[in-house]
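What follows is a short report on a single structure.
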C-alpha cells in the first residue's frame, strides 16, 4: 500500500513540526509518511525532545530541515500542514502536484517564558494539542 506523504512546516522546525511529524509516524506510520521542515531552520528544542520522550518517542537525533531546499529538490506531498501562526504559514512555498494545504496554529515552545518546569508543562499542553490534531487528521484522511 502506498503511503500518503505529509509535510509539517513551522518557522524553525525545532518543536511543533518535529512533534507533529513524530506523532503521525508513530500513530499511523503504516498509512502516512510524515516529514517536517522549517522556514528558517534552527536548533532542535530540548523541551520538545523531553515531552516526546515521555510518550516513548525519541526525536533527539532529528535534524532541522529547510522547507525551501525540499521545494527546490521537487519533493512532492499529498498534504502540507503548517503548524505556526497564519502570517508565517503564508510564507510556505506552494509545492507542485495535487496538494491539500491545511493550517493548524499552535503556540511556539521556543517563545515560552518561566522556569524549566513551567516551560515543560506548557510544552506538554502544546504536544497534546498537536496529538489531538494529528489523531483528527488520521480519522479524517486515513
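Somewhere in the range 12-25, is a residue more than 17 Å from residue 134 (Cα to Cα) and in contact (Cβ under 8 Å) with a residue 60 or more places away in the chain? There is at least one residue in the range 12-25 that is more than 17 Å from residue 134 (Cα to Cα) and in contact (Cβ under 8 Å) with a residue 60 or more places away in the chain.
Within the range 56-73, can you find the residues that are surrounded by 15 or more Cβ atoms within 10 Å (Cβ to Cβ) and not in a helix (DSSP H, G or I)? Across the range 56-73, the qualifying residues are 57, 59, 62, 64, 65.
Taken over the range 13-38, the criterion of being assigned to a loop (DSSP other than H, G, I, E, B) and crowded, with 21+ Cβ neighbours inside 10 Å is satisfied by 13, 14, 15.
In the range 39-50, the residue that is surrounded by the fewest Cβ atoms within 10 Å (Cβ to Cβ) out of those that are part of a helix (DSSP H, G or I) and in contact with a helix residue (DSSP H, G or I) (Cβ under 8 Å, 6 or more places away or on another chain) is 50. Only residues that are at pLDDT below 95 and touching a strand residue (DSSP E or B) at 6+ places or on another chain (Cβ under 7 Å) were counted across the range 40-64, and they come to 1. When residues in the range 108-126 are screened for being buried (at least 17 other Cβ atoms within 10 Å of the Cβ) and either touching a residue at least 60 places away in the same chain (Cβ under 8 Å) or in contact with a strand residue (DSSP E or B) (Cβ under 8 Å, 6 or more places away or on another chain) (or both), 8 of them pass.
Evaluation of residue 114 against the conditions (1) assigned to a loop (DSSP other than H, G, I, E, B); (2) at negative phi; (3) more than 17 Å from the chain's Cα centre (by Cα); (4) modelled with pLDDT of 90 or more shows that the sole unmet condition is (2).
From the set of residues in the range 74-100 that are exposed (fewer than 15 other Cβ atoms within 10 Å of the Cβ) and not in a loop (DSSP other than H, G, I, E, B), which is modelled with the highest pLDDT? Here the residue is 100.
The values are calculated or read from the model by the stated rules, or taken from the named source; none is laboratory data. Owing to the predicted nature of the structure, the values given are computational and were not obtained by experimental measurement. Please note: Cβ atoms are built from the backbone with ideal geometry, for glycine as well, and neighbour counts cover all protein chains shown.
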